[in-house]
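The values are calculated or read from the model by the stated rules, or taken from the named source; none is laboratory data. Quick caveat, the model's predicted, so the values are computed rather than measured. Cβ atoms come from the backbone with ideal geometry, glycine included; neighbour counts cover every protein chain shown. For the accessible areas, the whole protein counts, side chains as well, though only heavy atoms, and no ligand, DNA or RNA atoms are used. Shrake-Rupley method; radii C 1.70, N 1.55, O 1.52, S 1.80 Å.
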Amino acid sequence: MKVTLQQIDRGNEEVIVRYREMTEQLAGIVEYLEGKGEKLAGTRDGKQFFVNIQDILYLESVDGVTWFYTKSEVFRTGYTLALFETLYAQDGFFRCSKSAMLNIDRISMLKSMSGNRIDATMDNGEHIVISRRYAGDLRNILREEA
C-alpha cells in the first residue's frame, strides 16, 4: 500500500482512499478516519452506554455536570467541556458558548441574530445559540472550509 502525505497551510485535511477491493483492513481504516470507531461513555437511567463521537450533536454543562445530546437521547458524561474541547476540537467540535460545544458537522442551518450571535439549528431540530464571543471563530472556520 502506497501512502502519500502532503502538508497544507489552510483548509480542511482530506484523505482519499483508492482501492480495488474493500478489505476488512481498509474498512477499519475508513471507520477510524470517519471517527466511527471512537466512542464516548455516557450514563442514562443508571446504565452506561457507548456512543459514537460523530453521533453527538452538542454538549452542555449545567451546574457542573456535562451532558451530551444525540438526535434523540441525552447522556451524562464525566468529561468536562475543556477536556472534550482539547480532545475533539480537530474532529469538528466547536465551543459555542461558555457552557456549550456543538458538532459543526451536525448543523443543518445557521441564522444570524441580533447582537452578532448565530442561531444554529441541529440535525434534530434543536436550536443552539452561538454567543457573540465565539461567532467570529465559527465564521472563520466556515470560511476556511469553503
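A few comments on the model shown:
- Among GLN54, GLN90, GLN25, the largest mean-square fluctuation in a Gaussian network model of the chain (Cα springs under 10 Å) belongs to GLN25.
- Considering only ARG20, ARG44, ARG117, the mean-square fluctuation computed in a Gaussian network model of the chain, springs between alpha carbons under 10 angstrom, is largest for ARG20.
- Largest GNM mean-square fluctuation across GLU21, GLU31, GLU85, computed for the chain with C-alpha springs under 10 Å, falls on GLU21.
- Whole-percent pair-distance distribution, where bins are 10 Å wide, for the alpha carbons of the stretch 1-139: 10, 35, 32, 17, 5, 0
- Solvent-accessible area per residue, Å², over the chain with all protein chains present [probe radius 1.4 Å]: 70 Å²
- Within the accessible area of the stretch 71-146 (1.4 Å probe), percent carbon and sulfur: 49 percent
- Rg and Dmax of the stretch 72-123, based on Cα coordinates, read 12.2, 34 Å.
- Put a plus charge on the Cβ of each Lys and Arg, a minus charge on the Cβ of each Asp and Glu, and nothing anywhere else: the dipole of the chain about its Cα centre is then about 340 debye.
- The accessible area of LYS47, taken with all protein chains in place and a 1.4 Å probe, comes to roughly 130 Å².
- Modelled spin-label separation between LYS111 and GLU38, with each label point placed 7 Å from Cα along the Cα-to-Cβ direction: 3.2 nm.
- Lysines with Cα under 28 Å of LYS47, excluding same-chain neighbours fewer than 8 positions away: LYS36, LYS39, LYS71
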